[in-house]
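The values are calculated or read from the model by the stated rules, or taken from the named source; none is laboratory data. This one's a predicted model, so the numbers in the text were calculated from it and none came from an experiment. In this analysis, Cβ positions are derived from the backbone assuming ideal geometry, glycine residues included, and neighbour counts consider all displayed protein chains.
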Amino acid sequence: MIAEALAGLVFLPLLAACAVAVVPKRAVGVFVWSGLLPLPALLLPLTEAVWREGLVRLAVAGFASPLGIEWRVDALALVVLWLNALIAVFVGLYAARDYPPGSARGGRFWALWLLLTSAMNALLLSADLFNLFVTLELVTLAAIGLLVIDGKPAALRAAMRYLLLALLGSLFYLLGVALIYGQAGTLDLYQAGERLGPGLLPVTALVLMTMGLLVKSAIFPLHGWLPAAHGNAPGPVSAVLSAMVVKVSVYLIWRLWLWLAADWQPAWALPLLGLLGAGAILYGSVLAFLQVRLKMMVAYSTVAQLGYLMLLFPLLGPLGYSAASYHLLSHGLAKAAMFLAVSNILAVMGTDRLDRLAGADRRLPLDTLTLALAGVSILGLPPSGGFVSKWLMLQAAWAIDGWLWLAVILAGGLLAAAYLFRPLAVLCARPATAQAADDGSPPSATGLHWSGVVALLLALGALAAGLAPAPVLALLERGLPPGILP
Amino acid sequence: MSLAIDLLIATGLVVLAWQALVGGSLFRGIVMFIVFGLTMALAWARLGSPDLAMAEAAIGAGVTGALLMIAYWRLRALGANRPAPRSPLRARVALGVGLLSAVLVAMIGLAAVGAIGPGGEAGQALAEALPATGLGNPITGVLVIFRNLDTLLEVAVLLAAYVASRAVMGDDKAALPLPPAQDAPLVGALVAVLAPLAVLVAIYLLKAGSQLPGGAFQAGAVLAAGGVLLMLAGRLHPAPLCGVGLRIALVAGTVVFSGVGLIMLALGQPLLAIPGTWAVYLIETAMMISIGATLVLLFAGSAGLTGTPRR
Amino acid sequence: MSHAEVWVIAAAAVFGIGLYSLLIASHLLRQLIAIKVMGSAIFLVLVVAAGPIDGALDGLPKALVLTGIVIAISAIAFALALLVRLAEVTGSTSLEDEADDDR
């Protein structure tokens, strides 16, 4: 049962992608939905098993490590798998409007979408350092393929830059893997962690792999490629890029430092990683405030919010771990909702320049509401998932007297309020001139489309994460990284 | 003596990398890169790995070189190959970064070579587990049996590269231009011999791969080389649509591999377990077809292929 | 000097040349070749740093490199398609002359 569920997470979307590439256009839709919709159902037995046993393992092809590749699902992997399934399904429903499965462009879009979903599931399951490299490459190629699907010149340029840097990042990661294999004689992340100690070579390998992943996850000051890529991608693609694709690299950095190097992580580096996060929060927020385009603002907000994920390192402990993991989940939902709402605004208004959006709330009440609700979570106001994670993070900083981190988290919240309030104020402003938006077009004529409802549901999900965080937090507590005691 | 040969090849690698990457025209750089790839193949042969030597020569130097050449030709046809000016400050910084990284990698690598233990645990396990599979080539054993998830996902990477390359072309673009075919009588005769020979060599490599150096990747690359040859000789042409047969060829590797693995799971075996040598051949054949077809299409820059040119 | 040391030093030099070229080259085609060459250097380190088993080099990393070679060509092939399209749409083969991305 569990083996079937695990296999389904990877092979269902993978085979659906192959089917989409082969079958006639009118049959594409069937395969798309049969590749996506069962994913949450497959996670149910897995959730039950992880809840009961704390860890689910599977030796792929029947060969355990060190010879074979193992899949391992713990609480953290499970939470991110859930996020991936929800994003793939809900953002997928939204994308069905822009890319109808029966169209020529739709075929390519859905093949890549399914490959990306499958690749991220495979990445989250894998406990093998080289297999993770392969899944990372699949994620990168599928994601960048989606990014250029509309052929916008700015997107092409952003994609080229993203691809070059992602390939460079992969090289550094692979060099680290080479060193680990040479020293440990195994590629299994957990086995290698046990075999290695705090020597020069293992730490060098850890630093190399981390550098590669920092590039791929666009952590300050290596964030340069992200705003153009996320700000110029098609709406649903921006959503999945911000909600999932950069997150899986951060997730891997966590795996490397808290699991692989649990016993031998260099203590001096933890505050350093935190400082990168602090820099991301402050720099990203200020830049978000300075943007003239709504979508670029949301993209810079991602740069800032990724910073909180790095604060896990200086705030290491049960509270900090729960806070960062919960942030990953709630930011994923909120940011996806935000990009989808912005994409609708862009489509209806014909622009996303803030100075031309006055009065957009009359024409797009639903999307304005989604933007506001998702903003509540990004901001960290109660009741929202963002509030839970930031509140826990403040507690964690308070507990270790980390005044610097406390100040950064608070400043990040204030700055987020500033950059999020500005577009909402613009959207709800009455146009100064009479012939502007209020030209008699009936309110919400284009606003009530199911794609808007999907975006709203994601935003509501981010809020609901603030109302009932207890089960997820309890689950996370059962799978704390080694060495962290509740 | 053997150290002298290694030194010679290693020095050649460094010199060729410099020739390929620094100074000179772009065209010369591509040619030097191909020579670099062939020298890498020599290096793999010296390191006792004929499988890698074949793969590097066929894929790393051959097909990659062909892809670079055709991209260069297309960029030149677009008139987009002009060099951009460069600030001297940046060149100096780059020189520093390059030197520093070389020194760092050398130090790390030497320390790693100096600290090698009694041999990789995984490598030992591989040597012990191989006889039970009936395969004589450990690399094929790892790729198709022990770590076959890597291989399966890698074939998916190739598929993703193809779909993404189609996506970047957009709706309006059926195919990229190709250079005019060389229609000399001798070329035709040569192709008439070489194309079937490529298929024969591919099948031999596939068959040999279970015991001797070779396997699906090398075989697929040879097939792709045959396809590229046919295309340059004007016997195979880009087509705006991808026929059903070709579409099946593109996904055959992924589908057959996953299919075998999932059927085994349904039969109560571990996921992706390989039931026997026949399954190894089945999977490798499907992968060879997919690799060959995908690489030819990536070279053509088109959605499909046809034997008769479109007027 | 041992055989392994020869290969490691050569790989390091190739890696450094690759990174230097990646930073100074303005043509994207050259930068892609640089990435590919750096990848070959890392493959060498992967095989050599694994060390010998019973006299012969460990077979497992060689299989990993074979996987790596196919992944490298996939990435390069897509990158070249992207580059040709970029040149077609913007007339540029470099990321240097970046235009304003505002719509």
**Study point:** Residue identified as surrounded by fewer than 24 Cβ atoms within 10 Å (Cβ to Cβ) and part of a helix (DSSP H, G or I) among A:Leu276, A:Leu381
**Key:** A:Leu276
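Okay, residues lined up against (1) in contact (Cβ under 8 Å) with a residue 12 or more places away in the chain; (2) assigned by TED's automatic domain parsing to the domain that holds A:Lys335; (3) touching a helix residue (DSSP H, G or I) at 6+ places or on another chain (Cβ under 8 Å); (4) at negative phi:
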{"site": "A:Leu200", "(1), (2), (3), (4)": "no, no, yes, yes"}
{"site": "A:Met211", "(1), (2), (3), (4)": "yes, no, yes, yes"}
{"site": "A:Leu214", "(1), (2), (3), (4)": "yes, no, yes, yes"}
{"site": "A:Ala229", "(1), (2), (3), (4)": "yes, no, yes, yes"}
{"site": "A:Leu241", "(1), (2), (3), (4)": "yes, no, yes, yes"}
{"site": "A:Val248", "(1), (2), (3), (4)": "yes, no, yes, yes"}
{"site": "A:Ala262", "(1), (2), (3), (4)": "yes, no, yes, yes"}
{"site": "A:Gly279", "(1), (2), (3), (4)": "yes, yes, yes, yes"}
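Residue check: is B:Arg247 within 10 Å of another protein chain (Cβ to nearest Cβ) and not β-branched (Val, Ile, Thr)?
Details: within 10 Å of another protein chain (Cβ to nearest Cβ): yes; not β-branched (Val, Ile, Thr): yes.
So B:Arg247 passes the test.
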Check your understanding: Which residues, taken from the range A:204-218, are of a type in the set (Val, Ile, Thr) and either touching a strand residue (DSSP E or B) at 6+ places or on another chain (Cβ under 6 Å) or within 11 Å of chain B (Cβ to nearest Cβ) (or both)?
Key -> A:Thr204, A:Val207
Revision key, fill the gap. Scanning the range A:279-324 for residues that are assigned to a helix (DSSP H, G or I), within 19 Å of the chain's Cα centre (by Cα) and more than 30 Å from A:Thr351 (Cβ to Cβ) gives A:Tyr308, A:Leu309, A:Met310, A:Gly320, A:Tyr321, A:Ser322, A:Ala323, A:Ala324
Exercise for review: Output the number of the condition that A:Leu163 fails; it satisfies all remaining conditions of (1) crowded, with 24+ Cβ neighbours inside 10 Å; (2) in a helix (DSSP H, G or I); (3) at pLDDT below 95.
Suggested key: (3)
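In the range B:24-37, is there at least one residue being part of a loop (DSSP other than H, G, I, E, B), at the interface with another protein chain (Cβ under 7 Å from one of its Cβ atoms), surrounded by fewer than 22 Cβ atoms within 10 Å (Cβ to Cβ) and in contact with a His (Cβ under 9 Å, 6 or more places away or on another chain)? Before the answer, list the steps.
Here is the first cut: in the range B:24-37, the ones part of a loop (DSSP other than H, G, I, E, B) are B:24-25.
Now narrow it down to the ones that are at the interface with another protein chain (Cβ under 7 Å from one of its Cβ atoms): none.
No; the residues of the range B:24-37 include none that is part of a loop (DSSP other than H, G, I, E, B), at the interface with another protein chain (Cβ under 7 Å from one of its Cβ atoms), surrounded by fewer than 22 Cβ atoms within 10 Å (Cβ to Cβ) and in contact with a His (Cβ under 9 Å, 6 or more places away or on another chain).
Would you point out which residue out of A:Ala104, A:Ala95, A:Ala142, A:Ala88 is more than 7 Å from every other protein chain (Cβ to nearest Cβ), of a type in the set (A, V, I, L, M) and out of contact with any Ser or Thr (no Cβ under 6 Å at 6 or more places or on another chain)?
Numbers: A:Ala104 fails: more than 7 Å from every other protein chain (Cβ to nearest Cβ); A:Ala142 fails: more than 7 Å from every other protein chain (Cβ to nearest Cβ); A:Ala88 fails: out of contact with any Ser or Thr (no Cβ under 6 Å at 6 or more places or on another chain).
Residue meeting the stated conditions: A:Ala95.
Condition check: facing chain B (nearest Cβ under 7 Å), of a type in the set (A, V, I, L, M, F, W, C) and either out of contact with any Ser or Thr (no Cβ under 8 Å at 6 or more places or on another chain) or at negative phi (or both). Does C:Ile73 satisfy that?
Working: facing chain B (nearest Cβ under 7 Å): yes; of a type in the set (A, V, I, L, M, F, W, C): yes; either out of contact with any Ser or Thr (no Cβ under 8 Å at 6 or more places or on another chain) or at negative phi (or both): yes.
Yes: the conditions hold for C:Ile73.
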**Study point:** Lone unmet requirement of (1) crowded, with 19+ Cβ neighbours inside 10 Å; (2) without any contact (Cβ under 8 Å) to a residue 24 or more places away in the chain; (3) closer than 23 Å to B:Ala225 by Cα for B:Leu21
**Key:** (3)
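Against the definition (within 17 Å of the chain's Cα centre (by Cα), more than 7 Å from every other protein chain (Cβ to nearest Cβ), assigned to a helix (DSSP H, G or I) and aliphatic (A, V, I, L, M)), how does C:Ala41 come out, yes or no?
Values: within 17 Å of the chain's Cα centre (by Cα): yes; more than 7 Å from every other protein chain (Cβ to nearest Cβ): yes; assigned to a helix (DSSP H, G or I): yes; aliphatic (A, V, I, L, M): yes.
Criteria met by C:Ala41.
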Review point. Would you pick out the residues in the range A:61-90 that are in a helix (DSSP H, G or I) and touching a Pro at 6+ places or on another chain (Cβ under 9 Å)?
Key: A:Ala61, A:Gly62, A:Leu76, A:Trp82, A:Ala85, A:Leu86, A:Ala88, A:Val89
Check your understanding: So B:Ala233 clears everything in (1) within 14 Å of chain A (Cβ to nearest Cβ); (2) touching a residue at least 12 places away in the same chain (Cβ under 8 Å); (3) more than 20 Å from B:Ile139 (Cβ to Cβ) except one condition, right? Which one?
Key -> (1)
Point to revise | Total residues in the range B:181-209, condition in a loop (DSSP other than H, G, I, E, B) and modelled with pLDDT of 75 or more | key: 1
**Study point:** Residue that is in contact with a strand residue (DSSP E or B) (Cβ under 6 Å, 6 or more places away or on another chain) and free of Cβ contacts under 8 Å to residues at least 40 places away in the same chain, where the choices are B:Gly141, B:Gly123, B:Gly109
**Key:** B:Gly123
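Working only within the range B:268-285, note down all residues that are of a type in the set (A, V, I, L, M) and either part of a helix (DSSP H, G or I) or more than 12 Å from chain A (Cβ to nearest Cβ) (or both). Let's see the steps before the verdict.
Let us first name the residues in the range B:268-285 that are of a type in the set (A, V, I, L, M), namely B:271-274, B:279-280, B:282-283.
Listed by number, the residues that qualify are B:Ala279, B:Val280, B:Leu282, B:Ile283.
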Point to revise | In the range A:166-202, the residues that are among the hydrophobic types (A, V, I, L, M, F, W, C), more than 8 Å from every other protein chain (Cβ to nearest Cβ) and either in contact with a Gly (Cβ under 8 Å, 6 or more places away or on another chain) or not in a helix (DSSP H, G or I) (or both) | key: A:Phe172, A:Leu196
Revision key, fill the gap. Just one listed residue, out of B:Ala132, B:Ala115, B:Ala175, is at pLDDT below 75 and more than 7 Å from chain A (Cβ to nearest Cβ), and it is B:Ala175
**Study point:** Hits in the range A:231-246 - residues which are part of a helix (DSSP H, G or I) and more than 12 Å from the chain's Cα centre (by Cα)
**Key:** A:Gly231, A:Asn232, A:Gly235, A:Pro236
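Within the range B:42-61, how many residues are buried (at least 23 other Cβ atoms within 10 Å of the Cβ) and either aliphatic (A, V, I, L, M) or in a helix (DSSP H, G or I) (or both)? Explain how you work it out, then say what you get.
Here is the first cut: in the range B:42-61, the ones buried (at least 23 other Cβ atoms within 10 Å of the Cβ) are B:43-44, B:49, B:51-52, B:54-56, B:58-60.
Imposing the further condition that a residue be either aliphatic (A, V, I, L, M) or in a helix (DSSP H, G or I) (or both) reduces the set to B:43-44, B:51-52, B:54-56, B:58-60.
The number of residues fulfilling the criteria is 10.
Would you be able to say whether some residue in the range B:286-295 is part of a loop (DSSP other than H, G, I, E, B) and more than 20 Å from A:Leu14 (Cα to Cα)?
Just the residues of the range B:286-295 that are part of a loop (DSSP other than H, G, I, E, B), to begin with: none.
No, there is no match, as no residue in the range B:286-295 is part of a loop (DSSP other than H, G, I, E, B) and more than 20 Å from A:Leu14 (Cα to Cα).
Test C:Ala63 against the stated conditions and say whether it is in contact with a helix residue (DSSP H, G or I) (Cβ under 6 Å, 6 or more places away or on another chain), within 20 Å of B:Val142 (Cβ to Cβ) and either more than 7 Å from chain B (Cβ to nearest Cβ) or without any contact (Cβ under 8 Å) to a residue 12 or more places away in the chain (or both). Before the answer, list the steps.
Values: in contact with a helix residue (DSSP H, G or I) (Cβ under 6 Å, 6 or more places away or on another chain): yes; within 20 Å of B:Val142 (Cβ to Cβ): yes; either more than 7 Å from chain B (Cβ to nearest Cβ) or without any contact (Cβ under 8 Å) to a residue 12 or more places away in the chain (or both): yes.
Yes; evaluated as a whole, the condition is true for this residue.
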Revision key, fill the gap. Every listed condition ((1) closer than 14 Å to B:Val144 by Cβ; (2) surrounded by fewer than 22 Cβ atoms within 10 Å (Cβ to Cβ); (3) touching a helix residue (DSSP H, G or I) at 6+ places or on another chain (Cβ under 8 Å)) holds for B:Gly276 save (3)
Review point. When residues of the range C:14-31 are filtered for being facing chain B (nearest Cβ under 7 Å) and in a helix (DSSP H, G or I), how many remain?
Key: 12
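Does A:Leu93 count as at pLDDT 90 or above and outside any loop (DSSP other than H, G, I, E, B)?
Values: at pLDDT 90 or above: yes; outside any loop (DSSP other than H, G, I, E, B): yes.
Yes: the conditions hold for A:Leu93.
Among the residues of the range A:123-139 satisfying the criterion of being among the β-branched types (Val, Ile, Thr) and at the interface with chain B (Cβ under 8 Å from one of its Cβ atoms), which is nearest to the chain's Cα centre (by Cα)? Write out each step before concluding.
First pass over the range A:123-139, keeping only residues among the β-branched types (Val, Ile, Thr): A:134-135, A:139.
Filter once more, keeping what is at the interface with chain B (Cβ under 8 Å from one of its Cβ atoms): A:134-135.
Numbers: A:Val134: 19, A:Thr135: 16 Å.
Selected residue: A:Thr135.
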